[in-house]
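Structure first, then comments.
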Amino acid sequence: MELSTLDYSLIIGFFTIVLAIGIIVSKKSGKSSTEYFLSGRTMPWWLLGLSMVATTFSTDTPNLVTDIVRTNGVSGNWVWWAFLITGMLTVFVYAKLWRKSNVNTDLEFYELRYGGKPASFLRKFRAVYLGVVFNVITMSAVTLAAIKIGGIMLGLEPWQTVVSAGLITVTFSALGGFKGVVYTDFLLFFVAMGGAIGAAYYLVNLPEVGGITKLLANENVADKLSILPDFSNTEAIITLLVIPLAVQWWSSWYPGAEPGGGGYIAQRMLAAKDENHAIGATFFFNIMHYALRPWPWILVALASLVVFPDLASISEAFPNITADKLGHDLAYSAMLTKLPSGLLGLVLASLIAAYMSTISTQLNWGSSYIVYDFYKQQVNPKASEKRLVAVGRISTVILMVLSAVLALLMQNAMEIFEMLLLFGAGTGLIFILRWFWWRINAWTEISAMFASGVLSISLKATPLGDYLFNADTGVFPSWGEIPFVVLVTTIVWVVATYVTKPESKEVLNSFYKKIQPGGPGWTKVVDDARTDNIEIVNPNEKWSVPSGIGAMVLGCVLIYSCMFATGYWIYGKTTQAIIITAIALVSGFLLIKAWNKMKENIL
């Protein structure tokens with residue numbers, strides 16, 4: 001397709017601004033590793049919140065949502081909408097705890113909470129496992145989406161997309177560090193959202209689509225509109241609603257939605273000015289991420305069912321796309337080729353923005369693991385701040401190269417999403433409980449990590465998966481895969497917890513004194529400390545978890561109500577929209593009261 005001078009001007013102007021930001025902040029970011037990875041812990045909530053939203057809007061996200069909608073309808077999105085519960089728990093319970101820990105990375109937490117060689121091993125192993133392996137897989141999924149967009153919209157070969165998109169991203173990421181990432185995220189947020197909304201409005205009103213009313217009445221679309229699964233379809237209810245809401249949100253570790261917080265979300269909480277700013281940032285992120293941002297993508301996905309009703313129609317329209325890259329996720333890029341000059345340039349810039357925001361965050365986050373949790377711990381404990389920044393920049397480049405190579409070998413965004421969900425299944429409950437139950441130790445996490453990994457690989461890479469969970473011939477229903485991994489992994493880590501020694505009194509007392517987690521799960525530790533004439537409880541700090549859980553419930557009601565209300569207003573279902581909007585207003589009012597009460601407990 002042909003880009004106009006206006007389109008090129010928008011894209012080039014955007015690239016220029018992003019690189020300029022990276023260069024401007026590079027001098028200050030290079031002063032120390034804390035500046036390079038956490039921006040000196042001085043970030044306000046609104047800037048961190050926008051950064052979280054921009055980061056989780058990657059090039060593969062609209063592709064993933066399109067794949068879900070075309071395959072399972074709008075209700076299929078519950079596979080990730082369920083993670084809102086995790087997000088709200090992080091906002092009102094764990095954000096405060098993370099900021100109080102004052103660690104440089106969430107992996108440093110291991111040697112705060114646990115002790116001895118198992119804690120040291122866990123920290124170093126997960127630095128490589130998450131910072132390199134898991135991180136490279138996640139970035140390759142984002143790069144795969146960029147490859148498909150480049151192939152559909154610009155006719156680029158995969159390697160051309162990888163080189164052109166990756167080169168600029170890795171340059172400003174390596175130069176600017178975390179501050180460069182967050183500052184550019186502020187720009188990327190507005191560009192990405194503007195492009196997504198503009199594209200949705202134009203594409204829904206294409207002559208072949210006919211506007212929102214005709215779109216919703218189209219026979220290819222009508223059975224895809226429900227926000228909730230068909231309650232007469234037992235398998236759909238179990239797969240799309242029951243498992244995500246009853247099991248998945250607390251049991252699975254997934255980037256950006258980690259139970260108990262973690263990853264690049266934790267990195268932003270750790271960079272906040274204080275605990276209140278950490279909470280405000282994560283709450284703002286969850287509102288935008290779940291309630292509002294998905295709808296422009298959903299509308300484009302629904303419109304694509306009119307223009308490209310099946311894979312054959314996509315293949316016919318874009319014969320240059322090879323069979324190994326053909327999937328329903330291509331429909332989003334295919335629809336964008338219908339955009340006019342100017343808007344096309346804005347949308348392309350928005351997709352580039354989404355790519356750069358996500359990749360730059362993943363690079364800086366993964367590099368922080370390599371620097372703090374592996375290099376400084378294992379290779380050079382006495383490394384200077386200048387050396388740590390240099391290692392951070394080198395590892396940034398290496399991570400980019402590895403993810404680009406892997407992306408060239410992949411095919412489908414949904415397959416990667418499902419694999420990541422399964423790979424972390426069963427470990428999530430540990431990340432929730434380790435703050436509030438003294439008995440959990442380093443061996444708990446080690447056993448869970450290996451059990452989940454071995455099971456996932458066995459089910460995905462061997463005939464065992466088909467034998468047990470094949471939709472037609474399997475021993476168990478196909479939806480039983482995640483519950484199976486969760487059950488087995490949980491049994492393994494519970495047994496490992498009780499057959500291994502608890503952490504030492506010194507480690508437990510030190511952790512409690514610094515974090516003040518409170519609650520019945522620490523009663524034994526507190527009592528033992530008092531018996532030893534050691535006072536670890538701060539009498540001025542109240543246990544805020546019960547009020548935090550109450551706020552979590554209200555937050556979920558508020559954001560799900562906003563999500564449903566937005567959908568019903570778009571669908572023209574005025575009565576339902578008014579009722580649910582009223583529920584959102586009431587829950588929002590109650591949440592403000594609960595939050596004001598909680599702030600009294602935050603020192």
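Quick one: is Gly116 in contact (Cβ under 8 Å) with a residue 24 or more places away in the chain and over 17 Å from the mean Cα position of the chain (by Cα)? Against the criterion (in contact (Cβ under 8 Å) with a residue 24 or more places away in the chain and over 17 Å from the mean Cα position of the chain (by Cα)), Gly116 qualifies. Scanning the range 35-48 turns up no residue that is modelled with pLDDT under 80 and closer than 30 Å to Ala312 by Cα.
For the range 447-506, residues that are in a loop (DSSP other than H, G, I, E, B), more than 18 Å from Leu429 (Cβ to Cβ), modelled with pLDDT of 80 or more and touching a helix residue (DSSP H, G or I) at 6+ places or on another chain (Cβ under 6 Å) total 0. All of Ala349, Ala291, Ala301, Ala281 fail the test of being assigned to a helix (DSSP H, G or I), in contact (Cβ under 8 Å) with a residue 24 or more places away in the chain and in contact with a strand residue (DSSP E or B) (Cβ under 7 Å, 6 or more places away or on another chain), apart from Ala281. Every test in (1) modelled with pLDDT of 90 or more; (2) farther than 30 Å from Val242 by Cβ is passed by Asn540 save one, and that test is (1).
Filtered by the rule that a residue be modelled with pLDDT of 85 or more and open to solvent by 50 Å² or more (accessible area, probe 1.4 Å), the range 392-419 gives Arg393, Ile394, Val397, Ile398, Val401, Leu402. Being under 29 Å from Gly567 (Cβ atoms) and surrounded by fewer than 23 Cβ atoms within 10 Å (Cβ to Cβ) is not true of Val65. Among the conditions (1) over 26 Å from the mean Cα position of the chain (by Cα); (2) surrounded by fewer than 19 Cβ atoms within 10 Å (Cβ to Cβ); (3) of a type outside the set (Ser, Thr, Tyr), Gly194 misses just one, which is (1). With the condition kept exactly as written, say whether any residue in the range 558-577 is at pLDDT below 90 and either of a type in the set (D, E, K, R) or in contact with an Asp or Glu (Cβ under 7 Å, 6 or more places away or on another chain) (or both). Scanning the range 558-577 turns up no residue that is at pLDDT below 90 and either of a type in the set (D, E, K, R) or in contact with an Asp or Glu (Cβ under 7 Å, 6 or more places away or on another chain) (or both). Of the helices (runs of 4 or more DSSP H) lying entirely inside the range 105-168, those containing at least 2 residues that are farther than 30 Å from Leu348 by Cβ are 110-113, 116-128.
Just checking, which of Ala165, Ala174, Ala141 is closer than 18 Å to Leu326 by Cβ and either surrounded by 20 or more Cβ atoms within 10 Å (Cβ to Cβ) or of a type in the set (Gly, Ala, Ser) (or both)?
Of Ala165, Ala174, Ala141, the one residue that is closer than 18 Å to Leu326 by Cβ and either surrounded by 20 or more Cβ atoms within 10 Å (Cβ to Cβ) or of a type in the set (Gly, Ala, Ser) (or both) is Ala141.
Looking only at residues of the range 359-374 that are out of contact with any Lys or Arg (no Cβ under 9 Å at 6 or more places or on another chain) and more than 16 Å from Leu270 (Cβ to Cβ), we find that the one that is most open to solvent (accessible area, probe 1.4 Å) is Ile370.
Restricting the first member to the range 321-332 and to residues that are farther than 15 Å from Ala407 by Cα and open to solvent by less than 50 Å² (accessible area, probe 1.4 Å), and the second to residues that are among the aromatic types (Phe, Trp, Tyr) and outside any helix (DSSP H, G or I), the beta-carbon pairs closer than 8 Å and six or more apart or on different chains are Leu330/Phe318; Ala331/Phe308. Contact map, the range 533-561: residues that are β-branched (Val, Ile, Thr) paired with residues that are at pLDDT below 85, Cβ distance under 8 Å, separation 6+ or inter-chain. Pairs shown: Ile559/Ala291. Considering only residues of the range 197-217 that are open to solvent by 70 Å² or more (accessible area, probe 1.4 Å) and under 28 Å from the mean Cα position of the chain (by Cα), which is nearest to Ala82 (Cα to Cα)? Only one residue tops the list, namely Ile197.
Taking the range 514-532 as the range and being at negative phi and in contact (Cβ under 8 Å) with a residue 24 or more places away in the chain as the test, the residues that pass are Lys514, Ile515, Pro517, Gly521, Trp522, Lys524, Val525, Ala529, Asp532.
How about the range 218-250: which of its residues are open to solvent by 80 Å² or more (accessible area, probe 1.4 Å) and of a type in the set (A, V, I, L, M, F, W, C)? Residue satisfying the conditions is Phe231 alone.
Tell me, yes or no, whether the range 82-95 has at least one residue that is within 29 Å of Leu402 (Cα to Cα) and out of contact with any helix residue (DSSP H, G or I) (no Cβ under 9 Å at 6 or more places or on another chain). For the range 82-95, residues within 29 Å of Leu402 (Cα to Cα) and out of contact with any helix residue (DSSP H, G or I) (no Cβ under 9 Å at 6 or more places or on another chain): absent.
The values are calculated or read from the model by the stated rules, or taken from the named source; none is laboratory data. Because the structure is predicted, anything quoted here is derived from the model rather than measured. Every residue, glycine among them, receives a Cβ derived from its backbone with ideal geometry; neighbour counts consider all protein chains shown. These area figures cover heavy atoms from the full protein model, side chains too; ligands, DNA and RNA do not enter into them. Shrake-Rupley method; radii C 1.70, N 1.55, O 1.52, S 1.80 Å.
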